[in-house]
Amino acid sequence: MRSFTLPGDKSISHRALIFAAVSTGRARIRGVLPSADVASTAEALTAMGVAVPVLDQTEMVISGVGRRGLSAPQVDLDCGNSGTTARLLAGLLAGAGLPARLIGDASLSARPMRRVAEPLRAMGADVTTSAAGGLPIALGSSALHSLTWRSEVPSAQVKSALLLAGLVAEVRVAVDEPVPTRDHTERMLRAAGVDVHLEGTQVVLEPADRIALDTIEIPGDCSSSAFLIGLALLGGSPALALRDIGVNPGRTGAIDALRRMGASIRFESERGYGEEPVATIIAEPSALRGITIGGAEIPALIDELPLLACVAARAEGETRVSGAGELRVKESDRIRAVVENLRAVGAEAEELADGFVVRGSDRPLRGTVRTHGDHRIAMAFGVLGALPGSAITLDAPSCVRVSWPTFWDTIADATRF
Ligand code: S3P
């Protein structure tokens, strides 16, 4: 059995930097992910007057400026490829009433931003998107009032933006979620002494006196672990032990789905990093069969669907995913990208409006993958490419830098029997 420690969780790293920035006093952050997406958040906070250390190490101390201590950025805030940066900062800036403009790369600029702009406007914010409903987002200064909002799409980013706006503006916010989404924001706010609770399907934030974070320990990224789990299940590596991975139930849907496919995956050494559960995940080569995935389980595995599609291409029988239309507005149209690339390497797959069907086989997979600059497409096909008998090349392997800059080194290491 080989053992790996993975880089810190991306979702939690963004939140750690943002909440530390608006807290009172110093926060020590351990295990922050040094990746391009998190750097986008760090640089934006720096432009708002927060001293964020350079992201070249995994431990840092941030001296919070408090909720009223942020300053209006004098430059456009470039969110790069990061949807979490754009949407959470829209909420932060609206709450603080700071004029700003959020921009991003071509992929991020095409992603939907009305879903965050509309509820912020309903809180009284002066916020506009481009005519197409994307970036740039322009924010003016205005005072916010309390909000009760029912999200049309399940989105942890939108929920988090609204909770942040309420936190900074010191108003009550209630977000009614059609389906629960990852709750890292709620857990971190609770750790900081803020009253965030559930009322039925509503996530409610009460105005807080102060927010104080001491030490934030960030677990290994559950979404990143899925690629190594997939590699081990398909026999591309020996059994793997992945240490201290975040196993928040809002993130482990792919593990549940893989177990339904027949995967041998178990958790050991379960404990807590503050409010977040972590475990060592053990994955062993397994015989897999196709399954059906859909409905309320989608938010907890949305980021892992490209990997699940690639794993399904080596399972026995058919895997059908539906109810995952959100995949079309991620870093790329992941339904199209997954299906086109599976076909390009010789697997059988077809598109559905809101998902895909993959038929597994054991024929060798060969061909060239177009990543569309999407890190998760690159990593999912990187797993297939690492299997014995595969001959897969990628057009832009370096796009993994947004979430896991050392991915290719780790894959090379894990496949060395
Ligand atoms: C994220 C939430 C999810 C996820 C994204 C990160 C977050 O997006 O797909 O990779 O950090 O809150 P949505 O909230 O848009 O579904």
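The values are calculated or read from the model by the stated rules, or taken from the named source; none is laboratory data. Keep in mind that this is a model prediction, so the values were computed, not measured. Because the Cβ atoms are built from the backbone with ideal geometry, glycine has one as well, and the counts that use them run over all protein chains shown.
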For this session: Spot the failing condition for residue 119; the list is (1) touching a strand residue (DSSP E or B) at 6+ places or on another chain (Cβ under 7 Å); (2) more than 14 Å from the ligand (Cβ to nearest atom), and only one is missed.
Result: (2)
Seminar exercise, completed: Flagged pairs (Cβ under 9 angstrom, 6 or more apart or on separate chains; first in region 109-122, touching a residue at least 60 places away in the same chain (Cβ under 8 Å); second within 14 Å of the ligand (Cβ to nearest atom) and among the β-branched types (Val, Ile, Thr)) are 111/329; 112/153; 112/329
Exercise. When residues of region 372-403 are filtered for being surrounded by 23 or more Cβ atoms within 10 Å (Cβ to Cβ) and either modelled with pLDDT under 95 or closer than 20 Å to residue 40 by Cα (or both), how many remain?
Worked result: 7
Exercise. Does residue 404 fit the bill of being outside the structural domain of residue 82 (by TED's automatic domain parsing) and within 15 Å of residue 237 (Cα to Cα)?
Worked result: no
Exercise. How many of the residues making up region 297-316 are part of a helix (DSSP H, G or I) and either modelled with pLDDT under 95 or more than 16 Å from the ligand (Cβ to nearest atom) (or both)?
Worked result: 3
For this session: Among the helices (runs of 4 or more DSSP H) lying completely within region 317-417, list those that include at least 3 residues that are away from the ligand (no atom under 15 Å from the Cβ), over 29 Å from residue 4 (Cα atoms) and free of Cβ contacts under 8 Å to residues at least 40 places away in the same chain.
Result: 334-344
Exercise. Scanning region 142-194 for residues that are more than 16 Å from the ligand (Cβ to nearest atom) and assigned to a helix (DSSP H, G or I), which turns out surrounded by the fewest Cβ atoms within 10 Å (Cβ to Cβ)?
Worked result: 190
Problem set entry | Answer residue from region 329-379, given it is in contact with a helix residue (DSSP H, G or I) (Cβ under 9 Å, 6 or more places away or on another chain) and of a type in the set (S, T, N, Q) and is farthest from residue 133 (Cα to Cα) among those | 368
